[in-house]
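The values are calculated or read from the model by the stated rules, or taken from the named source; none is laboratory data. Quantities reported herein were computed from a predicted structural model and do not represent experimental measurements. Please note: Cβ atoms are built from the backbone with ideal geometry, for glycine as well, and neighbour counts cover all protein chains shown.
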Amino acid sequence: MTALQLAIRHKSFARADGELNAIENIEIEIAENEFVAVLGPSGCGKTTMLQIAAGLDNDYAGSARYADGLKDRMAYVFQSPTLLPWRTVRQNIELVFSNPQAHADDIASVLEAVGLAGSEDIYPLQLSMGMQRRASLARAFVLRPQLLLMDEPFVSLDEPLAARLRDLLQTMLAGNPASVLFVTHDWREALSLADRLIFLSPGPARITGELAVSLSRRQRSNPAELQSFRDANEHLFQSG
């Protein structure tokens, strides 16, 4: 079953010196519980594409179609943790519910899962960046999403911490399967997580290729295996 069908024929931005074309003729279909990573150079339009998929930007030519009820079970993890600094970790997570008290057990459970049990009453600015990103994951997963949109959620982290958060993401998806559209410019991250890769050109973004990732979990954790898989498909990685 198709979870998300995204068709962006044209997306542009007005500038003082004329129109900036951001995206041209992108079509993406994501199956139920499929993890799709979108790779492309910085500034190519990946975030714009994700905002359209989330319904945050409706000023474009095209369409975004969701499986029945899926848009109501969607979560978005931004590049920055986007936590409100005047609210504690728990209060930031409570914001996604109209009646947080009815979901107290769910909130406690997800905080335990991301390793933030005991940090519920700490304010974001008192947390490390890694802890802030874990709080953002908790806020997304407490809704038990069926569609998860992620915009370079581990960017700027050192590799050991990024690897731990990727493992955490995989663990949480194992417990709560979801269709994932994941934006990154890091090919190693994409290969370690995704079922399928989509490659975008420099702006205006166009799809230059797709690749199914036929690597086992063991191979995905082996840098040499990742490099070997990339080398075998170098033409695609170089196309964006």
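Search the range 132-154 for residues that are free of Cβ contacts under 8 Å to residues at least 24 places away in the same chain and closer than 16 Å to residue 33 by Cα and pair each with any residue that is buried (at least 24 other Cβ atoms within 10 Å of the Cβ) and among the basic types (Lys, Arg) when their beta-carbon atoms are under 9 Å apart and the residues are at least 6 apart or on different chains.
From the range 132-154, no pairs qualify.
Out of 143, 83, 149, report the one residue that is in a loop (DSSP other than H, G, I, E, B), modelled with pLDDT of 90 or more, hydrophobic (A, V, I, L, M, F, W, C) and buried (at least 17 other Cβ atoms within 10 Å of the Cβ). Reasoning before the result, please.
Values: 143 fails: modelled with pLDDT of 90 or more; 149 fails: in a loop (DSSP other than H, G, I, E, B).
Only one candidate passes the filter, namely 83.
On the given criteria, is residue 206 in contact (Cβ under 8 Å) with a residue 60 or more places away in the chain and either over 18 Å from the mean Cα position of the chain (by Cα) or surrounded by fewer than 17 Cβ atoms within 10 Å (Cβ to Cβ) (or both)?
Spelling it out, residue 206 is indeed in contact (Cβ under 8 Å) with a residue 60 or more places away in the chain and either over 18 Å from the mean Cα position of the chain (by Cα) or surrounded by fewer than 17 Cβ atoms within 10 Å (Cβ to Cβ) (or both).
Criterion first (under 20 Å from residue 64 (Cβ atoms) and either among the hydroxyl-bearing types (Ser, Thr, Tyr) or not in a helix (DSSP H, G or I) (or both)) does residue 215 satisfy it? Steps first, answer last, please.
Working: under 20 Å from residue 64 (Cβ atoms): no; either among the hydroxyl-bearing types (Ser, Thr, Tyr) or not in a helix (DSSP H, G or I) (or both): yes.
No.
What residue, among those in the range 36-57 that are touching a helix residue (DSSP H, G or I) at 6+ places or on another chain (Cβ under 6 Å) and of a type in the set (A, V, I, L, M, F, W, C), is nearest to residue 9 (Cα to Cα)? Step through it out loud before you land on a result.
Step one: list which residues in the range 36-57 are touching a helix residue (DSSP H, G or I) at 6+ places or on another chain (Cβ under 6 Å), which gives 37-40, 57.
From what's left, of a type in the set (A, V, I, L, M, F, W, C): 37-39.
Details: 37: 20, 38: 17, 39: 19 Å.
By that ranking, first place goes to 38.
Does residue 173 count as part of a helix (DSSP H, G or I), farther than 15 Å from residue 150 by Cβ and touching a strand residue (DSSP E or B) at 6+ places or on another chain (Cβ under 8 Å)? Step through it out loud before you land on a result.
Working: part of a helix (DSSP H, G or I): yes; farther than 15 Å from residue 150 by Cβ: no; touching a strand residue (DSSP E or B) at 6+ places or on another chain (Cβ under 8 Å): yes.
Criteria not met by residue 173.
Conditions tested, residue by residue: (1) without any contact (Cβ under 8 Å) to a residue 60 or more places away in the chain; (2) touching a strand residue (DSSP E or B) at 6+ places or on another chain (Cβ under 9 Å); (3) assigned to a strand (DSSP E or B); (4) farther than 24 Å from residue 233 by Cα.
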| position | (1), (2), (3), (4) |
| --- | --- |
| 10 | yes, yes, yes, yes |
| 51 | yes, yes, no, yes |
| 56 | yes, yes, no, yes |
| 62 | yes, yes, yes, yes |
| 71 | no, yes, no, yes |
